[in-house]
Every structure is written in C-alpha cells, then in structure tokens.
Amino acid sequence: MFKKETYIARREQLRKDVKHGIIIIQGNHEAPCNYRDNTYWFRQDSTFLYFFGLQREDLVGVLDCDTGKDYIFANDYDIDDIIWTGPLPSVKKLAASVGVKNSGTLAELQDFCTNAVGMGRKAHYLPPYRSDNQRQLSCLLGIKYASVPMYASIELIKACVKQRSIKSDEEIAEIEKAIDTAYNMHTMAMKQAMPGRYEYELAGIMEGEAWKGNGPVSFPIIMTIHGETLHNHGHNNKLAKGRMLVMDAGCETAMNYCSDITRTVPVGGKFDARQKAIYEIVLAAQLEAIRIARPGITYKEVHTEVSKILAQGYKNLKILKGNVDDIVANGAHSLLMPHGLGHMMGLDVHDMENYGQIYVGYDERTRPSEQFGLGSLRCGRKLEKGFVVTDEPGCYFIPALIDKWHAEGTNKSFINFEELEKWKDFGGIRIEDDILITAKGCRVLGRPIPKTIDEIEETMSNR
Ligand code: GLY
Ligand code: MN
Ligand code: MN
C-alpha cells in the first residue's frame, strides 16, 4: 500500500471533480471456481485499489461529495471465519489505515443508500463488470438488475479517468518493478525456446518467475508458435525449428500494478532470412513509436506513422504495392496487423477498460475509427505527460483472413496476393514494451529486455 495520504488526496480530488451526491466504489468478492470454498485467485477491483488500497474481499467504499465524509462498509469476520483465515483486522481498523474515518456493516450500507435515494440524492457508480456487483448495486439502489449499467455515472467515469491516466512517480516505480520481473520471465523462457520443448513448459517457467516477483501474471500467458492467432491461449504445441515463438506475458506486483511485454524469438535461437526480414520491419515500427511519442501528439497519429513503416517494409518485400500513404489510408496494411498500436496500462493491464473505451482511449477531438484494424486501436487520444501506454506493433499472416480478402478482392490494388501465398505458413511476430510519456518524448520503462536480433540471439545462446 502507498501511504494513507496518497489515498486521502485521491479521494478528495474525486469528490471535488464529481461535485454532488454519493459515490459508491465496490471492491470485488470471492468468485467460486467449482464450489463455494474453492475460489479463483482473488483480484481486488482496480478502482477500489486506486482510491482505498485495501485488498480484502466484500468491501464497499462510499464518498459523500456534499458532506466530505468517506466510508468503508463490510461485515467483520467472526471466529468461524478466523479459524480458517487466521487473525484479520476489523473493518474499522482497515478503514483507518487508509485515512477513512467512518465504517459500518453491509446492513448499514443498505440503510445509507436507501436514505440517500429517498432524499433524491444522485448515487454515482461505475459500470459493473461482474454480475455479483451489479446485483449488489441493484439491491442497494433499488434499480432493476438489467438497468444498472444504463445508470452508471459518466461524471464519475470521467473523474476516474482524469486521475488514473496520469501516473505518479510512485506508481511508475511499481510498474517498473513489474517490468523488471517480466525481464526475468521473458529471458528465462527465451533461453528454453529450443526444439522439442512444449509451449506449456515455457509458460510454466514464466508463471513461476512471476510468482518469484510476488505476484500473479497480469493476464493469461500467450506462448505460441501460432502467433498469427492474436490472443492464442493454447499451450500444447511442441516447439519446432523454423517457427517463431510469440511470448506475450506480464505480471502484477503485490500492489497489482502491471507489466505487459511481448517478445518473439526463433525456436532454436537463430533467425533465418525470412524471419529476419519480417522481424526487422516490426522492430523498426516499434522503434518509430518510441521515437515520436510525446505530449501533444495523438496515439492515433503515432499508430498511423507506425503503419507507414510497416507498409513500406511490406512493399519492399513485394507483399504490398502502391503509394505508402494510400496503402495506410485505405487500411490495406491492416491485413497483416488487425489491431491497434497499444493501450493504457497501470493497475489494469488494459487500464480502466471497464469504464468504456470511449472514455479511456478517446476524447472529444479524437474519435474511434470504424476502419478494420484502426478500429481496434484501444488508445487513440492525445498523449500527456504521465501516461503509460503499450507500444506493440505486430505482423500476422492469418491464412483465413488472407483467403477472405483475396476472395472478396479487398484492397486488391495494394496487395500482391500471389506473393502473400508464400508467407501463409509464417505465423506471427509481435514486439511490445510499456512506455511512459515524459515532458518531451517518452521512455521505455523497466530493465531493457533483449529486443534486437543480435540481443535475442546472444541471450538464447547463453543458456
Ligand atoms: N496482452 C495483451 C495485449 O498485449 O494487449
Ligand atoms: Mn501484451
Ligand atoms: Mn498489450
């Protein structure tokens, strides 16, 4: 936990920004896996962590914008719990540890909310992403379950985005800690990426390294020789020479700050000529984003410039043809990268995505595109000092998509489909770092993880 003054200041700012009414911020509950007492790994809600910092399940925080009072509500544990869990602090003590002076039971929370609603006060809450929290809001506020998302507070979403988008020095230090653990995860796995090993063995090595850093992985590990499937979570393939292995994995610190790193390596440790050709194009694109990302430019513009580097590279290989600006304007290059350049990162690996992409990744001036590929850009808005975003271009030869575009003649004036046939067995490459927008540019966070061809070959030869 950060010191309590940090949470007090964040809550004070939130009340100031939302102005009137009450704000309800729900923590998460345990989620049963196959029966009540065998639960999934507990993950506290990130908004709750940001404003209250507490890890216990079933907590609800309330901020009263009109009186300036903050509350934590939950039921205390009794001896029947404690014999299983060990001693646990009271709700009052937990509240005090983060500077919250008022606490109460869940029954008292119900009374508090019923009163507030009865007085016609506005109750601000965020769109729930778990059904148990949606049900709790339905009961607390007397709103039909299905209607709860509809009444989520836009003022609260905007106020949370405003604060959480700008990472403080202490948050950046936590994120760098998560990236340093990701360094261990990635370099350990790289060294084992030899023919005959299985993807699940390497995924297991990574998961172990994450726990050695005292946190879980920040999302299910992507470890695949079929990197053309963007979020391939299967781990059953045997590594074979000639394949590129996409490793997209990060971890959380004990405070739940995340890392999200992708490296792609040749099975066996040596790039062949084809692999080098595509890798150099993706790497040049990834470095271009680092070169130009700065306050004032939109990430949509950075995505477009990066796309031009990719398009020029594919044109050199005769996969694409025509004018590079026209290729990009028409989205022809998106056949090989049907996703955006990156997303915000912080307490969530896709930071704040539960609030709604339109509020997190876009603003009044920068709107999402509907074009294939660019439409999947999760963060397009103007960059500001203190943002942490991922920079993750890739190249994917997706046979089904290539066949579809070929059959439909999509962008046929820019695509050399005959040449493309030769690449359909290639797989995919993605390279991803987490970058901090600084006063004049950006900085790649954390201990540098081998990324150039030479660095990767060198790391993989040192086993
Ligand atoms: N790990 C998923 C992503 O890079 O966004
Ligand atoms: Mn990733
Ligand atoms: Mn990512």
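Filter the chymotrypsin sites (Phe, Trp or Tyr not before Pro) in region 1-97 down to the DSSP loop ones having no more than 10 other Cβ atoms within 10 Å, then list what survives. If you can, show how the numbers build up before the last one.
On the way: sites: PHE2, TYR7, TYR35, TYR40, TRP41, PHE42, PHE48, TYR50, PHE51, PHE52, TYR71, PHE73, TYR77, TRP84; in loops: PHE2, TYR40, TRP41, PHE42, TYR77.
Those satisfying the criteria are TYR40, TRP41.
Among TRP423, GLY446, THR459, which residue has its Cα positioned farthest towards the positive end of the charge dipole of region 364-463, with +1 placed on the Cβ of Lys and Arg, -1 on the Cβ of Asp and Glu, and the dipole taken about the Cα centre?
Comparing the listed Cα positions along the dipole, GLY446 ranks first.
In what order do ILE82, ILE297 fall by count of nearby beta-carbon atoms within 10 Å, going from fewest to most?
ILE82, ILE297
At 222 nm, what value in deg cm²/dmol follows for the chain if DSSP H runs of at least 4 each add -39500 (n - 2.57) and the sum is divided by all its residues, to the nearest 500?
-12000 deg cm²/dmol
Please tell me the relative contact order of region 306-438 in percent, rounded to the nearest whole number, where contacts are Cα pairs under 8 Å and at least six residues apart.
For region 306-438, the relative contact order is 30 percent.
With r defined as the distance between the Cβ atoms of LYS212 and GLN192 and R0 fixed at 22 Å, what FRET efficiency is calculated, to the nearest 0.05?
Calculated transfer efficiency: 0.90.
Output needed for region 122-269: three equivalent-ellipsoid semi-axes, defined as square roots of 5 times the C-alpha gyration tensor eigenvalues, in descending order, whole Å.
Semi-axis lengths for region 122-269 are 39, 19, 13 Å.
When only Cα pairs under 8 Å and 6 or more residues apart are kept, what is the percent relative contact order across region 1-83? Intermediate results must be reported in sequence, preceding the final value.
Numbers: 109 pairs, mean separation 27.4, N = 83.
Answer for region 1-83 is 33 percent.
Which one, SER369, ASN236, ASN115, is farthest towards the positive end of the dipole of the chain when Lys and Arg carry +1 and Asp and Glu -1 on their Cβ?
Working it through, the farthest residue towards the positive pole turns out to be SER369.
So for the chain, averaging the separation of alpha carbon pairs under 8 Å that are six or more residues apart and normalising by length, what relative contact order in percent results?
Averaging sequence separation for qualifying contacts and normalising by length gives 14 percent for the chain.
Across region 255-396, how many lysine pairs, 8 or more apart or on two chains, come within less than 21 Å at their alpha-carbon atoms?
Within region 255-396, the lysine pair count is 10.
Check the straight Cα-Cα distances from LYS212 and name the lysines below 20 Å, setting aside those fewer than 8 residues away within the same chain.
LYS177, LYS191
Which trypsin sites (Lys or Arg not before Pro) in region 351-442 sit in a loop by DSSP (not H, G, I, E or B) and have at most 16 other Cβ atoms within 10 Å of their own Cβ? Kindly include the intermediate steps, with their values, before the conclusion.
Working: sites: ARG365, ARG378, ARG381, LYS382, LYS385, LYS404, LYS412, LYS422, LYS424, ARG430, LYS440; in loops: ARG365, ARG378, ARG381, LYS385, LYS412, LYS422, LYS424, LYS440.
Listed in order of number, the matching sites are ARG365, LYS385, LYS412, LYS422, LYS424, LYS440.
State to the nearest 20 debye the size of the charge dipole of the chain about its Cα centre, where the only charges are +1 on K and R beta carbons and -1 on D and E beta carbons.
On the way: 57 positive and 62 negative charges, 165 e Å.
The dipole magnitude comes to about 800 debye.
LYS4 to TYR40: extension gain in nm, 0.36 nm per residue of separation minus the Cα-Cα distance?
Length difference between fully extended and current span is 10.1 nm.
Could you pull out the longest piece of the chain with no exposed loop GluC sites (Glu not before Pro) in it, calling a site exposed if DSSP puts it outside H, G, I, E, B and it has at most 10 other Cβ atoms within 10 Å?
With a cap of 10 other Cβ atoms within 10 Å, the longest stretch comes to 1-363.
None of the figures in this text is laboratory data; all of them are computed from the coordinates on show. Bear in mind the structure is a predicted one, so any value in this text is a computation, not a measurement. Neighbour counts are summed over all protein chains in view; Cβ atoms, including those assigned to glycine, are modelled from backbone coordinates with ideal geometry.
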